[in-house]
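The values are calculated or read from the model by the stated rules, or taken from the named source; none is laboratory data. Computed from a predicted structure; not experimentally measured. As a convention, Cβ positions derive from the backbone with ideal geometry for all residues, glycine included, and neighbour counts pool all protein chains shown. Keep in mind that these areas ignore ligands, DNA and RNA; they rest on the heavy atoms of the full protein, side chains included. Shrake-Rupley method; radii C 1.70, N 1.55, O 1.52, S 1.80 Å.
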Amino acid sequence: MAVNLTANAIAAVNGGDVNLKPLVQILDVKAIGDSQDRYRILISDGVSTQQAVLATQLSDRVRSGRLGEGSVVQLIDYISSTVQNRKIIVILNMETIIANCDIIGHPKISSDYESIPQNTSSENSDHLGRESIGQPSGSVGRARIKGNIVTDPGSSTQNFRPTVQPPYQPPPNYKNRGPITKNEAPARIIPIAALNPYQGRWAIKARVTAKGDLRRYNNARGDGKVFSFDLLDADGGEIRVTCFNAVVDRFYDSIEIGRVYLISKGSLKPARKNFNHLNNEWEIFLESASTVDLCPDEDSSIPNQQFSFRPINEIENVDNNSIVDIVGIVMSVNPSVTILRKNGMETQRRILNLKDESGRSVELTLWGDFCNKQGLELQEMVDSGFYPVLAVKAGKVNDFSGKSIGTISATQLFINPDFPEAQRLRGWFDRVGKNASSQSISRDVVPGGPWNEIRKTVSQIKDEGLGRADKPDWVTVKATLSFVKTDSFCYTACPLMVGDRQCSKKVTRSGDGNWHCDRCDQDSKECDYRYLLQAQVQDHTGITWVTAFQESGEEILGCSAKELYLLKYEEQDDVRFGEIIRSSLFEQYLFRLKIKEEVYGDEQRVKITVVKAEKVHFPTESAYLLDLISKSSPYKT
């Protein structure tokens, strides 16, 4: 198939012609650095050659073999930039015309192109032609490049190249148009994925998917303020935009989540991955000359949000502090409690439990405003007997005592959203999921199998010697709460935060009236109160003591330890205190228990810890018992 490359294409593109859409040939392909994410190529118009860089969205064509040395392509979208006094063409989009072709014309290889060695040895000349230009071994009649000389494999005669065409120059315009001014023509709108620091002028059209809080800081240069927002365009590209100080005053109030903006004249810098979870190696920093214009017309081609959901069972293998998207059914919602951070500021915390089709469940910790907005709405739904679907965008993984997920400033919560993943999950839950067992990956996960598939009676704990092996035993017991020890139901705990978890170690009051934590080695004006609940549970086979800590204590008594402590010792309302305790007694629970033998002094004791307590849901329990009967019945149909 005869192909004619576009004459003088290299000079025209470097001269600023962005509408030419030329046919060129790829002579060489090389990965940038050690990664396989970006590629540098050498393109030819048959006479001249030019280095170019492929946008990241085109890298897969190289890795899949659809694009390589010898390919003839048509450039669709491209930009010519100057980097260190050298021209580089950034290719944003292209079409492959011929996947592999002989070298067309007599391209001149630039002496500063690193990937083509200038070896004039006759012994290596054939190897050079094939390796640098992509010529297959054994081909006949192809030109080989040696420096600026072309040799024919079938002849010993050297042919000097024809004179290279002069660089493209637009025709002069001598009309009197007044003083010369800076080019103020609007920049071309390009995809976010095509952004790179080598571009001089650019513009992107994208939707704001998240907006961070306004934060203030102090460093050696003085006080400052900063905020960021995330953008999503029609091609699925995402990028974070950050503003500092005076730029914050210009744009903070005008940026709204869900609106579409046209943004230009910002600077691109490497993304700070410890703060930026988006899949982009760059981050935009707006400056005094930057423009952010609201697009008045809604653009339906730009999605409102982009998710990358992961099943809960995959979170078990995710690294600590990773950012993930999940969707699950809210099975329980704990009360909101007040937490004191290390900076002395109070914040709210609320813990939810999510499960999905993977057979796993996970704790989701809501912080700050999430507790009293979405958290309160979710609690009202669950208390009414409805289990909503919750999608979490940008939750942070924590591996303290199992895996859990917490909200951060960039997190977004979507209750009963209208998209396929949520609808599929709702259908599964309504059909079979409500009664399906699940294993929690949070707070000491159970090794080897789901807790609620290992049912035991109280007497079996002792009779089978549970907890006396090297590893703890994990079982579920259906029992009634018969007694709660009320003289020491909680302890004074450290309110400071360690990462995104509360320290919670025991604190003691020092001589100055503050509370001291040995773990944090800091004093606090206030302490927190956490449950250390001693209780008796019994079933038809026996009775035993159990210990319930903070979360399971809240599930049993329905309020926080601090609320109960203040009620008894500050308000001294013994009547109300007694009502709360009595309301939990003689209720049937499904207790998830961790059983392990521990040494106290010289004595070994089996310690039974309540990991989770759920009131028996009788329709679900009845279905479980019927299933158990059908499996054990000798008359199976």
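Tabulated values for the structure
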| item | result |
| --- | --- |
| Any hit, segment 365-381, residues being modelled with pLDDT of 90 or more, within 16 Å of the chain's Cα centre (by Cα) and open to solvent by less than 20 Å² (accessible area, probe 1.4 Å) | no |
| Of the criteria (1) modelled with pLDDT under 90; (2) closer than 30 Å to residue 434 by Cβ, which one residue 325 fails | (1) |
| So residue 263, is it out of contact with any Leu (no Cβ under 7 Å at 6 or more places or on another chain), in a strand (DSSP E or B) and either in contact (Cβ under 8 Å) with a residue 40 or more places away in the chain or of a type in the set (Lys, Arg) (or both) | yes |
| Leading residue by the ranking (nearest to residue 273 (Cα to Cα)) among those in segment 229-249 that are open to solvent by 20 Å² or more (accessible area, probe 1.4 Å) and among the small types (Gly, Ala, Ser) | 236 |
| Residues of segment 29-50 classified as assigned to a strand (DSSP E or B), more than 19 Å from residue 195 (Cβ to Cβ) and open to solvent by 10 Å² or more (accessible area, probe 1.4 Å), total | 5 |
| Some residue of segment 338-346 being more than 25 Å from residue 425 (Cα to Cα), modelled with pLDDT under 90, polar (S, T, N, Q) and in a strand (DSSP E or B) | yes |
| Residues that are among the acidic types (Asp, Glu), out of contact with any Lys or Arg (no Cβ under 7 Å at 6 or more places or on another chain) and either in a strand (DSSP E or B) or open to solvent by less than 30 Å² (accessible area, probe 1.4 Å) (or both), drawn from segment 266-298 | 293 |
| Hey, residue 493 open to solvent by less than 10 Å² (accessible area, probe 1.4 Å), under 23 Å from residue 349 (Cβ atoms) and in contact with a Lys or Arg (Cβ under 9 Å, 6 or more places away or on another chain) or not | yes |
| In segment 73-85, residue farthest from the chain's Cα centre (by Cα) [restricted to those that are among the aliphatic types (A, V, I, L, M) and crowded, with 21+ Cβ neighbours inside 10 Å] | 73 |
| Residue satisfying all of: in segment 390-422; assigned to a loop (DSSP other than H, G, I, E, B) and in contact with a Gly (Cβ under 7 Å, 6 or more places away or on another chain); surrounded by the fewest Cβ atoms within 10 Å (Cβ to Cβ) among these | 409 |
| Helices (runs of 4 or more DSSP H) fully within segment 538-589 counting 1 or more residues that are among the polar types (S, T, N, Q) and under 37 Å from the mean Cα position of the chain (by Cα) | 550-557 |
| Segment 88-104: number of residues that are of a type in the set (D, E, K, R) and more than 36 Å from the chain's Cα centre (by Cα) | 1 |
| Filter result for residue 572 (surrounded by 14 or more Cβ atoms within 10 Å (Cβ to Cβ) and of a type in the set (S, T, N, Q)) | no |
| Qualifying residue in segment 521-534 (condition: without any contact (Cβ under 8 Å) to a residue 12 or more places away in the chain, surrounded by fewer than 17 Cβ atoms within 10 Å (Cβ to Cβ) and under 40 Å from the mean Cα position of the chain (by Cα)) | yes |
